[in-house]
Amino acid sequence: MSDELMEKVNESIAAIRGKTSIKPELALVLGSGLGPLADQITEPCSIAYTEIPHFLKSTAPGHEGRLILGYFAGKPVLCMQGRFHYYEGYSQKEITYPIRVMAKLGIRTLILTNACGSLKREFCPGDIMLITDHVNFTGMNPLIGQNEDEFGPRFPDMSRIYTPELLKLCRETAEDMDMDLREGVYLGYSGPSFETPAEIRLFQNWGTSVVGMSTVAEAIVARHCGLKVLALSCITNMAAGILDQPITAEEVVEAANGAGERFRRLLAGVIKRI
Ligand code: HPA
């Protein structure tokens, strides 16, 4: 790792360790409208991103901007209540910095959540989807630039980016709970504009299932670091042009809030088994 990055990561870790002695091995990133899931964390220690050196300012709607360390389903966890996005004007290296901090803090498993629009007519707002793979259509890659050798190789394999054993565990958990779980491929789009109907038709032809403005960069960096990755989408709307109506950020947050309780149950079930 470059000395400069190492120094920054160590400063961020010192600030976190200065606030709590909890040693999480699992991290959770809460997407748009899913922030209230953090209320389930017991013995919480909440740290605003502004209190952690080198963390960015969170500007997206529905993203609180704090780390919460505590216990979720009895397991020590680190939770990002709000993430950073490429469309906020940060580089993909910058938005994935917390993933590097997690890796050096001893996190082994990362669960990413997000809100997304559905490309498939058979999926509905409120559905939860297991991400089995992704297409990075952001036009950027967070690993561009000098390789951070201490984290991982120059050309990391992405053929099993979403960890097969976690996919299996999540499917089994949903089945045991009698909960419907969709599956599909997530297309990462830069935003902040929503897509055009022509883009959505293109993405449908590519065999992707949902579209969103996060997740892909974090998953790439997490795999580079050797973390196990599970990602779950909350479908909040039908993608542009599928229905004859515009998409709003408000409906996204509202639909994600509506799915919050099912999301919480599924996550608790999964985390218990990890
Ligand atoms: N497009 C992109 N990102 C999204 C959407 C969408 O339709 N819904 C929620 N996040």
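Annotations
- Just one residue in the set LEU130, LEU56, LEU119, LEU78 is more than 15 Å from the ligand (Cβ to nearest atom), out of contact with any Pro (no Cβ under 6 Å at 6 or more places or on another chain) and modelled with pLDDT of 95 or more; that residue is LEU130.
- Residues being in contact with a helix residue (DSSP H, G or I) (Cβ under 6 Å, 6 or more places away or on another chain) and open to solvent by less than 40 Å² (accessible area, probe 1.4 Å) - total across the stretch 85-94: 1
- When SER58, SER12, SER46, SER32 are checked against the criterion of being of a type in the set (S, T, N, Q) and part of a strand (DSSP E or B), SER46 stands alone in meeting it.
- In the stretch 248-266, of all residues being closer than 15 Å to MET238 by Cβ and β-branched (Val, Ile, Thr), the one that is most open to solvent (accessible area, probe 1.4 Å) corresponds to THR248.
- Residues that are under 19 Å from PRO125 (Cα atoms) and more than 16 Å from the ligand (Cβ to nearest atom), drawn from the stretch 179-206: MET179, ASP180, LEU181, GLU183
- Test: THR50 is open to solvent by 70 Å² or more (accessible area, probe 1.4 Å) and out of contact with any helix residue (DSSP H, G or I) (no Cβ under 8 Å at 6 or more places or on another chain): yes
- Residue satisfying all of: in the stretch 239-248; touching a residue at least 12 places away in the same chain (Cβ under 8 Å) and more than 8 Å from the ligand (Cβ to nearest atom); farthest from LYS120 (Cα to Cα) among these: GLY241
- Residue in the stretch 63-79 that is charged (D, E, K, R), touching a residue at least 12 places away in the same chain (Cβ under 8 Å) and not in a loop (DSSP other than H, G, I, E, B) present: yes
The values are calculated or read from the model by the stated rules, or taken from the named source; none is laboratory data. Model, not experiment: these values are computed from the prediction. Here Cβ is always computed from backbone atoms with ideal geometry, including for glycine, and neighbour counts include all displayed protein chains. The accessibility values were calculated without ligands, DNA or RNA, using every heavy atom of the protein model including side chains. Shrake-Rupley method; radii C 1.70, N 1.55, O 1.52, S 1.80 Å.
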